[in-house]
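> Handing you this structure, nothing more for now.
The values are calculated or read from the model by the stated rules, or taken from the named source; none is laboratory data. Everything numeric in this text was worked out from a predicted model, so none of it was measured. All Cβ positions, even for glycine, are placed from backbone atoms using ideal geometry, and neighbour counts span all protein chains on display. All accessible areas refer to the heavy atoms of the entire protein, side chains included, with ligands and DNA or RNA removed. Shrake-Rupley method; radii C 1.70, N 1.55, O 1.52, S 1.80 Å.
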Amino acid sequence: MTPASACTDAHVPIILCAGIIVLDEVFRVERFPEPDTKAAAQSFFVVNGGCAANAAVAVARLGGRAALAGPLGGPAGEDANGDHVLAALAREGVDCTGCPRRAGVSTALSAIFIDARGDRVIVTYCDERLEAMLPDDPTGLVASVDAVLADNRFPDFVRPICLAARDRGLPVVLDADRPTQMSDDLFRIATHVVFSSECLRATTGLDDLAAALARIADLTSSCLAVTQGAQDVLWREGATLRRSPVFAVNAVDTLGAGDVFHGAFTLALAESKTEIAAMRFAAAAAGLKCARLGGSAGAPYRAEVETLLASPYPATASNP
């Protein structure tokens, strides 16, 4: 395959998503339960989750070719969580050959509560033996891809993959979802780092997101951005702070929206879009996701995103 810089109209970019894979058990409630109380769920469903897995589904639905690399429990037939996840990903056309399985361990599991406003509370269990796993062949995993998207939930697993991708000169987008140290070398390895607002604040100790981005910019030359839900995406162009508006939607389920944003952003970069165009594409995809229930199952398809992009741009209150 040709690298992203040489993509043509006939070439469909391959995006490798690396990181955490989870089976989500989702409960819809009117409001989050108070301590020491019981609550009845309005509905319940099981869906694939985890930053990398959600992003891979988004890439596939948006017209890219998605590959996934992340540790799972196993073996097949003994880890029902992992079997369920892999079957669902296969139906989405995601290549999971880069997902090693650890015998005697269960694939990570989340219990998720979504209230009537679309906000959510997530409790995840992940066996520490999954966190200790490493990819079998990082160089082989990136040999035919056009870009890599990695989350930082399993830093030891994704680091060699990101380094191998940089050796090939590929775009490497880091989904900075888990609070970490400012000295984290993944911030310097990645070509683009897109933080969640919670991660950026916790990592820097600063409430002001613009100041927090500036603090990280002192440590890396990577392109930096931070998402903040229904508010503008903030990003740095050199020393200048920019704002990229998001789409106004009636949010019913924000679960997986950030992962859809990251997957769409990475695919757009692999299609040779500029950062600002990639963020607008990603904002449209994430907005559509928020407007429908189902976690990653609510990720939009390419035609839906293109239709929204062609309509008048309903921006947030502050403009770029």
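> Using only DSSP helix segments of four residues or longer, with each worth -39500 (n - 2.57), what per-residue ellipticity at 222 nm results for the chain after dividing by its residue count and rounding to 500? Intermediate results must be reported in sequence, preceding the final value.
Details: 11 runs with 105 residues, N = 320.
My calculation for the chain gives -9500 deg cm²/dmol from helical runs alone.
> Let me ask something else. With each label point set 7 Å from Cα along the Cα-Cβ vector, what nm distance links ALA230 and ALA132?
4.5 nm
> Over region 74-191, consider all pairs of different Cα atoms and compute the Kirkwood hydrodynamic radius from their mean reciprocal separation; express it in Å, one decimal. Mind showing how you got there, number by number?
Values: mean 1/r = 0.0621 Å⁻¹.
For region 74-191, inverting the mean 1/r across all distinct Cα pairs yields 16.1 Å.
> Given a Förster radius of 35 Å and the C-beta distance between LEU219 and ALA39 as r, what FRET efficiency does 1/(1 + (r/R0)^6) yield to the nearest 0.05?
With R0 = 35 Å, the Cβ-Cβ based efficiency is 0.20.
> Moving on to the next point. By average Cβ neighbour count within 10 Å, what is the ranking of 271-284, 298-311, 48-61 from highest down? Can you show the working numbers first?
On the way: 271-284: 20.6, 298-311: 16.3, 48-61: 29.6.
Result, highest mean Cβ count within 10 Å first: 48-61, 271-284, 298-311.
> I've got another one for you. In whole percent, and with a 1.4 Å probe on the protein chains, what portion of the accessible area of region 39-103 is carbon and sulfur? Please report the intermediate quantities before stating the final value.
Details: 1270 of 2470 Å².
Here carbon and sulfur together make up 51 percent of the probe-accessible area.
> Also, I was wondering about something else. At a Förster distance of 35 Å, what's the computed FRET efficiency of THR97 paired with ALA248, Cβ-Cβ distance as r, to 0.05? Mind dumping the intermediate values first?
Numbers: r = 40 Å, r/R0 = 1.14.
That pair, THR97 with ALA248, gives E of 0.30.
> Moving on. If you roll a 1.4 Å probe over the heavy atoms of the protein chains, what accessible area per residue do you get for region 20-132, in Å²?
Per-residue value: 48 Å².
> Magnitude of the Cβ-charge dipole of the chain, K/R +1 and D/E -1, about the Cα centre, nearest 20 debye?
Values: 27 positive and 38 negative charges, 118 e Å.
About 560 debye.
> Let me ask another. Over the Cα atoms of the chain, each weighted equally, I'd like the Debye log10 I(q)/I(0) at q = 0.08 Å⁻¹, rounded to two decimals.
The Cα Debye sum returns log10 ratios of -0.33.
> Then there is this: If you put +1 on each Lys and Arg Cβ and -1 on each Asp and Glu Cβ, how big is the dipole of region 87-235 around its Cα centre, in Debye rounded to 20? Walk me through the numbers on the way to the answer.
Numbers: 14 positive and 22 negative charges, 33 e Å.
Charge dipole, region 87-235, about its Cα centre: 160 debye, nearest 20.
> Give the dimensionless ratio obtained when the Cα radius of gyration of region 162-320 is divided by 2.2 N^0.38 Å. Working shown, then result.
Working: Rg = 15.1 Å, N = 159, 2.2 N^0.38 = 15.1 Å.
Here the answer is 1.00, to two decimals.
> Compute the relative contact order of the chain as a whole-number percentage, counting only Cα pairs closer than 8 Å that sit 6 or more residues apart in sequence.
Numbers: 770 pairs, mean separation 59.9, N = 320.
Relative contact order for the chain comes out at 19 percent.
> Next question, about the same structure. Taking the Cα centre of the chain as the origin and placing charges on Cβ (Lys, Arg +1; Asp, Glu -1), which of ALA257, PRO160, LEU186 is farthest toward the positive end of the dipole?
Of the options given, the answer is ALA257.
> Measure of size requested: the Rg and Dmax of region 109-174, with Cα atoms as the atom set and Å as the unit; please supply both.
Rg then Dmax for region 109-174, in Å: 15.7, 46.
> Provide the gained length on full extension for the span LYS273 to ALA211, in nm with one decimal, where the gain is 0.36 nm per separating residue minus the Cα-Cα distance. Mind showing how you got there, number by number?
On the way: separation 62, 0.36 × 62 = 22.32 nm, distance 2.72 nm.
Answer, rounded to one decimal: 19.6 nm.
> Residue separation times 0.36 nm, minus the C-alpha to C-alpha distance between ARG302 and ALA239: what's the value? Intermediate values should be presented prior to the final figure.
Values: separation 63, 0.36 × 63 = 22.68 nm, distance 3.32 nm.
Result for the pair: 19.4 nm of gain on full extension.
> If you place +1 on the Cβ of every Lys and Arg, -1 on the Cβ of every Asp and Glu, and leave all else neutral, what size is the dipole of region 220-320 about its Cα centre, to the nearest 20 Debye?
Working: 8 positive and 8 negative charges, 22 e Å.
It comes to approximately 100 debye.
> Can you give me the C-alpha center-to-center distance between region 238-258 and region 143-160, rounded to a whole angstrom?
Taking the Cα centre of region 143-160 as reference, the centre of region 238-258 is 23 Å away.
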